[in-house]
Amino acid sequence: MELFAAARALALEKRQAAVEDCDEIGSTAQLLEAAARGAKLNLCAVDKDDGCLRGAEAVLDRDLDTIFYKSSTPLPHAHFQIAHELGHFWLDGEASDCDASSFNHAAGDLANLGAARVDSYSPKERREAQANVFAREMLLPAEIAANSFVEQDRSPNELAVALEVPLALVFAQLIRGTLLPSPEPSIETRDDRPQPSLDDSQKEAAEVPEGPLLLEAGPGTGKTRTLVARVEHLLAKGVAASNMLVLTYSNKAAEELRERVQRVATEAATQMWSGTFHAFGLELLRKYGHLIGLPAAPKLADLNESIALLETLLPELPLDHYLVLHQPSEGLLHILKAISRAKDELVGPKRYREICEAMPSSTEDDVRARERALEVAEIYAAYEQALRETGRIDFGDLIMRSVELLDAHPEIAAELIDERPHILVDEFQDVNRASSVLLERIAGDAKGLWVVGDSRQSIYRFRGASPDNIIAFPIQFEGARTLALAVNYRSREPIVKAFADFGTQMSASGSTQCDWYANKGEGEPLAFHIGNSLESEALGLAKAMKQMRKEGFAYRDQAVLCRSHTQLARYAAILESEGIPVLYLGDIFERDEVRDLLAMLSLVGEFTSSGLVRLSEFTDYTFDLEDLRVLIDSQIVSANSAFEALGEADGSALSESGRQSVERLRNDLGGIDRHKSAARALEEFLFVRSRWLMPLLVDGTVQGAQKRLAIYQLLQAAYTFAAAEPGAGIGRFLDWVRRLELLGEERQLRAPPAEAAGIDAVRLMTVHASKGLEFRAVYLPGLARGQFPASRRYDPSPPPPGLAERTPDEVRLEEEECLFFVALSRAQERLILSRATHYGTARGPSDFLAMISGRLPCAPDSAPDWITGSDENELPQYTAGCERKLESHRAEDLDQYLLCPRAYLYQRVLGLSGGREDEGYVRFHRAAYSVIRELGTFAEEPSPLAAARQALAEGWEKIGPKGHPFEAIYRRQAELVIERAIAHWLKAGSRPEPFEQPVGDSMVRLTPDMIDRSKGTVELIRLRTGRAPKRPPDNDIFALYHRASAAHDGGRVSVHYLGCDTRLGVPMSERVITNRLEKYRKAIDGVAAGHYPPQPDDRICPRCPQYFVCPSL
């Protein structure tokens, strides 16, 4: 954020002035005394009960020109408090009384995760945050901290003692100084460039006498400039800044707007309230929530915490369709998304149930949809009750309950209207219905209401945003006027005409005109290229980027925008291989350098040796395969953590280098306590106990800078978790990371920090992330059918008909149009579009290209002009010493190889755990199948069901999920499936026989779970514990079942789902069977050759116990 950057710059300036004012600065105390003299301030240590402190820890008294602090405060903390108060003096010039909560020695910004995405700074919090940043930079500039660590080899503890500053401050500054790029003042941001005076359309909008006003602002037309001008106009008319409320879509936008205002009216920027609708709702509920039964400080639950809350209720929840035994959070996630969508429409549990009950039930699909919707309604009611009983609110409540508050207490609304009669709203097209109703409640007669938006840029429909609010504005607010900005200041005329052509054909445009004047004038026409594969397209992009650089376009002025992160990752890999520097962090938890650190945490904090596999590749801890097997075997029989088990390994079985590596590993990690925070463990490993970081610190390439940025983001995530979960150890942090991945919340960490702006690399980002940005040259690849617009995805919890005015299907294509419009309008001077004829399979051109075909140099379906060879560029991955030439294989083992060869290597070859021991489902599954595998034995007992139940009880005590939070639901499900399995077994009346199928040079072994001869024919049955899907399964293993059935005179193949007691036939043609057996042959050959490539999957990988170490070895 710029306000923090300004605080750091000012701190360096004042520090330098203090140094120059003295002949010699020998200590921090002398530095602060010199700085105080420069400010004409006195420093005075007083007794803790002295009246000058007024009950605070430290005080800046402007009347006495003195900084007071407690004489009993330890010197390092006192130094920080003095520097903090000096920050107040120079940053805001106001007196300050600072209590303990005002001081933060550690990192400045937490990651944009969870509740931090809503909690914006209040004016006081902003001042304190800036003063903390100032203090850290004055006492120990980040650059000096980095030089001391890297060049002088001084440890954090040495620096803290020598400078007499808090150790946490040293770590904070070390992290900034070593991991973030140095600021480059020469790089001019677009907001610092001289701006021309307001054009006629901007001036008219800024100086409109009164509202309600809707300002339609197309891309690049200067909406923020006009909004700031509106603030200036109101100030000039005598309106106090404290009477203004500015509502935006994101905290970042709110801070940027405040900074823009600060340049023209410093005092106004601190007095006006600027933030998101959700932040405004949070402040409202904290102040008045007690009137509707909320506690004085309601706890804001993020998605992670909401799922955890529901998980505590799981045994009592009426789950059926959404019960996912192997990952309960998955079903709960879908339900919470449906609940969030309902709150966006101000629909509570009771009304939601009424809507669901009105759903049709004439067909089987209708019945299923209605049942699923009603199940959501049941959970919604239970969830709301749990929120209220625990004094919590979720993100949807921030608006919904605020509306509830204002409806129940109109006097509060009247107070707000009187306090802040002038309301300015940015990005009005991204406001959902709940927010528009909240706006209506606080706008009064709306004469002070001034909103700006563009219906064509509404790209957050999945959050309930709707451009319909723009259409309804004149109806919602009587007497509303509509104006439009007329001049585009961003793009050259060919680009403006292209997105204007597209805009006129968009359904979201309605009757809105798209006739902007291009202030920059003529320019190069659009470029359009067609590759014969994604590889050829990416190689063409690389060539174009190099040519653009020769023409004076820095790499950092070029950007690639894609519809999805999956596409970006593929283009990024090829561009980097061609020597193009790219700035794209991607999923940080899947980057090598971050995986290295997660593996270290896993070894220390978890009871599995998986982390050792990756650490064995570290230069300091190299183990050969035999050493690794010895250590893994030692951990398997140990009751201690994987790291503690290192000391129990038989040293005589290790090689000499292996013993030395174990010793180094124990020395480096031995002081890290798994019960303490992951943030502390990372600090210790990176800056105290190991030299792992040093090669990265001297890597001057763009790739090196990206690696350091990724580590910085990991640390910010660790600090965020530590702040939200005080006292949580390393294992809890790793569980949180896995859940972030499963929920998709890790995407918040993909955007590089602002300090990365100076890196000369091509920016890669999604279209969503590009909103509000602009680049000299923009590349839009992947413009093929099914890619952009994206194909429709299955929604497990769609809103019931009647919840919103329009269904998701009706708005999906409209949102895709808006995304394309936004993408086109990011370019300033050059716009390069491209597609490939094949992305794995043949793909036709995007339908969007036809809508701007008149602006393209050739037809969208022309022949390719970027042509290369095959798109198959994956290199084989072989692991020496792990070849397995077996005469026979279990079908289940080969199935794992087909799912992920790397997991087969870890679990079947090396013997690492195939399931995280703390997962209740793993233990439930083992206990249930220990009984199912012995069904034939129980059938011979006088009471088969009683015998099976007794076996389950015994197995449950030994290997079941005893003590797990979901034990009751797992036990109930286990008893149910055992009861059903016994009943069907007795009816079938036949013990299954093992079967072997020759495949290649080996045999594949398979034993059907059950054989049913009760109907005079043979039916081979596979038993599953869950619910039946809508369609019959298509797993490879059923090819073997069909071969086994052929040995039984061609019987039927089925799968029986014990969770719902449903049996589905599994038909399979001979051609399909042959193809599937060929897959098994290739798997056998792969195992024999030691070929174990990873198969990444967003849903499966985070659940894998080797997630943090893959693809090591």
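The values are calculated or read from the model by the stated rules, or taken from the named source; none is laboratory data. Bear in mind that the values here come from a model prediction, so they are computed numbers and not experimental data. Cβ atoms come from the backbone with ideal geometry, glycine included; neighbour counts cover every protein chain shown.
Structure notes:
- Scan the range 660-674 for residues that are within 10 Å of Ser690 (Cβ to Cβ) and either free of Cβ contacts under 8 Å to residues at least 24 places away in the same chain or surrounded by fewer than 13 Cβ atoms within 10 Å (Cβ to Cβ) (or both) and the total you get is 1.
- Figure legend. Inter-residue proximity from the range 8-26: first residues assigned by TED's automatic domain parsing to the domain that holds Arg136 and farther than 13 Å from Ala135 by Cβ, second residues of a type in the set (Val, Ile, Thr) and assigned to a loop (DSSP other than H, G, I, E, B), beta-carbon distance below 6 Å, spacing 6+ or different chains. Indicated pairs: Val19/Ile25.
- Pair list, Cβ under 6 Å, 6 or more apart: the range 267-281 residue within 18 Å of Glu427 (Cα to Cα), other residue modelled with pLDDT of 90 or more and surrounded by 21 or more Cβ atoms within 10 Å (Cβ to Cβ): Trp273/Leu245; Ser274/Val246; Phe277/Leu247; Phe277/Ser435; His278/Leu398; Gly281/Leu398; Gly281/Ile399; Gly281/Ser402
- Where a residue in the range 753-766 is without any contact (Cβ under 8 Å) to a residue 40 or more places away in the chain and its partner, wherever it lies, is part of a helix (DSSP H, G or I), with Cβ under 6 Å and at least six apart: none
- Any hit, the range 419-436, residues being touching a strand residue (DSSP E or B) at 6+ places or on another chain (Cβ under 6 Å), assigned to a helix (DSSP H, G or I) and at pLDDT below 90: yes
- Looking across Phe623, Phe607, Phe589, one residue alone is under 29 Å from Asp1098 (Cβ atoms) and part of a loop (DSSP other than H, G, I, E, B). It is Phe607.
Here's the yes/no breakdown for (1) exposed (fewer than 15 other Cβ atoms within 10 Å of the Cβ); (2) modelled with pLDDT of 90 or more; (3) of a type in the set (Lys, Arg); (4) assigned to a strand (DSSP E or B):
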{"residue": "Ala1044", "(1), (2), (3), (4)": "no, no, no, no"}
{"residue": "Gly1059", "(1), (2), (3), (4)": "no, no, no, no"}
{"residue": "Thr1074", "(1), (2), (3), (4)": "yes, yes, no, no"}
{"residue": "Tyr1080", "(1), (2), (3), (4)": "no, yes, no, no"}
{"residue": "Ala1083", "(1), (2), (3), (4)": "no, yes, no, no"}
{"residue": "Pro1094", "(1), (2), (3), (4)": "no, no, no, no"}
{"residue": "Asp1097", "(1), (2), (3), (4)": "yes, no, no, no"}
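- Filter result for Ala11 (closer than 19 Å to Val165 by Cα, at pLDDT below 95, in contact with a Gly (Cβ under 8 Å, 6 or more places away or on another chain) and not charged (D, E, K, R)): yes
- Of all the residues in the range 557-574, those that are modelled with pLDDT of 95 or more and assigned to a helix (DSSP H, G or I) number 1.
- Residue match in the range 464-472 (condition: surrounded by fewer than 22 Cβ atoms within 10 Å (Cβ to Cβ) and either without any contact (Cβ under 8 Å) to a residue 60 or more places away in the chain or in the same structural domain as Glu829 (by TED's automatic domain parsing) (or both)): yes
- Among the residues of the range 257-273, those identified as touching a helix residue (DSSP H, G or I) at 6+ places or on another chain (Cβ under 7 Å) and not in a helix (DSSP H, G or I) are Ala265, Met272.
Rundown of residues vs (1) without any contact (Cβ under 8 Å) to a residue 24 or more places away in the chain; (2) over 18 Å from Leu568 (Cα atoms); (3) not in a strand (DSSP E or B), yes/no style:
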| position | (1), (2), (3) |
| --- | --- |
| Tyr779 | no, no, no |
| Tyr794 | yes, yes, yes |
| Asp809 | yes, yes, yes |
| Leu813 | no, yes, yes |
| Val822 | no, no, yes |
| Gln828 | no, yes, no |
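- Residue check, Tyr584 under 30 Å from Arg792 (Cα atoms) and in contact with a Cys (Cβ under 8 Å, 6 or more places away or on another chain): no
- Filter result for the condition that a residue is surrounded by fewer than 19 Cβ atoms within 10 Å (Cβ to Cβ) and within 25 Å of Leu323 (Cα to Cα), over Pro998, Pro1033: Pro1033
- Considering residues of the range 686-700 that are outside any helix (DSSP H, G or I) and touching a residue at least 12 places away in the same chain (Cβ under 8 Å) only, the residue nearest to Asp760 (Cα to Cα): Val698
- Residue list for the range 1019-1037, restricted to those being under 18 Å from Met1003 (Cβ atoms) and either assigned to a helix (DSSP H, G or I) or of a type in the set (S, T, N, Q) (or both): Ile1037
- Any chance Phe589 is modelled with pLDDT of 85 or more, buried (at least 22 other Cβ atoms within 10 Å of the Cβ) and either over 30 Å from Val767 (Cβ atoms) or among the hydrophobic types (A, V, I, L, M, F, W, C) (or both): yes
- Among the residues of the range 19-34, those that are closer than 15 Å to Glu164 by Cβ and part of a helix (DSSP H, G or I) comprise Thr28, Ala29, Gln30, Leu31, Leu32, Glu33.
- Selected residue (only one of Ala39, Ala58 is more than 20 Å from Phe103 (Cα to Cα), touching a helix residue (DSSP H, G or I) at 6+ places or on another chain (Cβ under 9 Å) and in contact (Cβ under 8 Å) with a residue 40 or more places away in the chain): Ala39
- Within the range 867-944, helices (runs of 4 or more DSSP H) holding 2 or more residues that are buried (at least 17 other Cβ atoms within 10 Å of the Cβ) and at pLDDT 80 or above: 891-899, 901-904, 920-932
- Verdict on Arg1005 being touching a residue at least 40 places away in the same chain (Cβ under 8 Å) and assigned to a loop (DSSP other than H, G, I, E, B): no
- Evaluated against (1) in contact (Cβ under 8 Å) with a residue 40 or more places away in the chain; (2) in a helix (DSSP H, G or I); (3) in contact with a strand residue (DSSP E or B) (Cβ under 9 Å, 6 or more places away or on another chain); (4) over 22 Å from Gly444 (Cβ atoms), Ser242 falls short on exactly one condition, (4).
- Positions within the range 367-402 being crowded, with 16+ Cβ neighbours inside 10 Å, free of Cβ contacts under 8 Å to residues at least 60 places away in the same chain and acidic (Asp, Glu), in sequence order: Glu375, Glu384
- In the range 497-527, residue modelled with the lowest pLDDT [restricted to those that are in contact with a helix residue (DSSP H, G or I) (Cβ under 7 Å, 6 or more places away or on another chain), of a type in the set (A, V, I, L, M, F, W, C) and not in a helix (DSSP H, G or I)]: Cys514
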